[in-house]
1. Using alpha carbons only, how many degrees (0 to 90, rounded to 10) separate the axis of helix 222-238 from the longest principal axis of the chain?
2. Among 85, 73, 52, whose Cα lies farthest out toward the positive end of the dipole of region 49-113, if unit charges sit on the beta carbon of Lys, Arg (+1) and Asp, Glu (-1)?
3. Taking the Cα centre of the chain as the origin and placing charges on Cβ (Lys, Arg +1; Asp, Glu -1), which of 136, 230, 160 is farthest toward the positive end of the dipole?
4. Let me know the charge dipole size of the chain about its Cα centre in debye, to the nearest 20, where only the beta-carbon of Lys, Arg (+1) and Asp, Glu (-1) is charged.
5. Would you mind calculating the relative contact order of region 1-143 from Cα pairs under 8 angstrom and at least 6 residues apart, reporting the percent as a whole number?
6. Over region 1-84, what is the relative contact order in percent, taking alpha-carbon pairs closer than 8 angstrom and at least six residues apart?
7. For the chain, set up a Gaussian network in which alpha carbons nearer than 10 Å are linked by springs, and say which option among 75, 21, 158 fluctuates the most.
8. Helix 257-268 versus the longest principal axis of the chain: what angle, 0 to 90°, nearest 10, using Cα atoms?
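Just so it is clear, none of the values below were taken in a lab; they were calculated from the coordinates. The shown structure was predicted, so the numbers you read here are calculated from the model rather than taken from an experiment. Reconstructed Cβ throughout: ideal geometry from the backbone, glycine too, with neighbour counts over all protein chains shown.
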Amino acid sequence: MTWLITGGAGYIGAHVVRAMADAGEKTVVLDDVSSGIAERLPAEVPLVRGSISDRTLLADTLRDHAVTGVVHLAAKKQVGESVEQPLRYYRENVHGLTVLLEAVVDAGVRRFLFSSSAAVYGIPDQELIAETAPCVPINPYGETKLAGEWLVRAAGRAHGIETACLRYFNVAGTASPELSDTGVFNIIPMFFDRITRGEAPRIFGDDYPTPDGTCIRDYIHVADLADAHLAVARRLAREQGAGDLTVNIGRGVGVSVRELAELVAEVTGFDGEPVVRPRRPGDAARAVAAVDLITRELGWTARHGVREMVESAWQGWRLRRPEAC
Ligand SMILES: O=c1ccn([C@@H]2O[C@H](COP(=O)(O)OP(=O)(O)O[C@H]3O[C@H](CO)[C@@H](O)[C@H](O)[C@H]3O)[C@@H](O)[C@H]2O)c(=O)[nH]1
């Protein structure tokens, strides 16, 4: 197999590239480096710079590198931005995927792994969200991920492609400091950002129907997530005619915002108290994965806990902003 990893220079993508390359899989990366960083890639992995919407580049890349499988991660991923710029999200995440799938079909590629999101569930009403839960996304980002799943499965059925859709829960941490997330869009980097600027981290709402009143999420270490990609890619490579595999990628363990704030304070040495702010619109009280399916299908389970996520993320943060820490 030779795997094309789109978005492979991004935070999650680079971890997937590293895990697959370390395991001996042949990989090539397609990334427009708009938010990705070329230096995240191992020297032996070729980087093709460009967009998934560039038909000619796609056809050339699939042919020149004799690609036999695709791991598709290139996408826009900020919920708030997707509300402000829905057309851009549909263009990049849905139209871009259509172009990529057409190129995949034309090139005769028969393995396709799609990076989806727990955002497809919207506001879940299950204690542990099974893959069979209703998909009712509440923002354009989640809509584009759900539409993406439909596209991938339909193309798979029609063209005999083995497909998998991985629904990531809350991804955090880093396998090594230089691969860390450079964005400040999720809770852990947002807490670090406040603390290193000498401000108290903010808790968005403490009146939710949860034990401590703050939102509960299922945090998954990016290194575990990358291992899950490797396991799924290998499974796709072995299969013929098995159809689609759609699975949650999480730990099945809920952690509250307040618990996370305490852990972040401990790791960073912050000795103040977080401040409570009003609820953020669109936040579910609880979103925790049921993980029986991936465990049963692949024997995969997460190995890293939330402390390792915070500690590794803090190392990455300090590497990038030594002056602030
Ligand atoms: O400074 C902060 C930042 C966040 N939160 C809370 O922390 C929780 C997690 O927030 P965040 O890290 O922004 O993640 P989610 O809103 O859960 O969304 C993430 O996880 C989803 C999958 O579960 C993905 O679809 C999204 O792309 C990804 O941003 C939420 O309850 C937030 O209200 C705070 O209280 N204070």
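1. Taking the Cα atoms of the chain, the angle to 222-238 is about 20 degrees.
2. Of the options given, the answer is 73.
3. Going by the Cα projections, it comes out as 160.
4. The calculation lands at about 480 debye.
5. 24 percent
6. About 39 percent, as a whole number.
7. 158
8. Orientation of helix 257-268: about 80 degrees from the principal axis.
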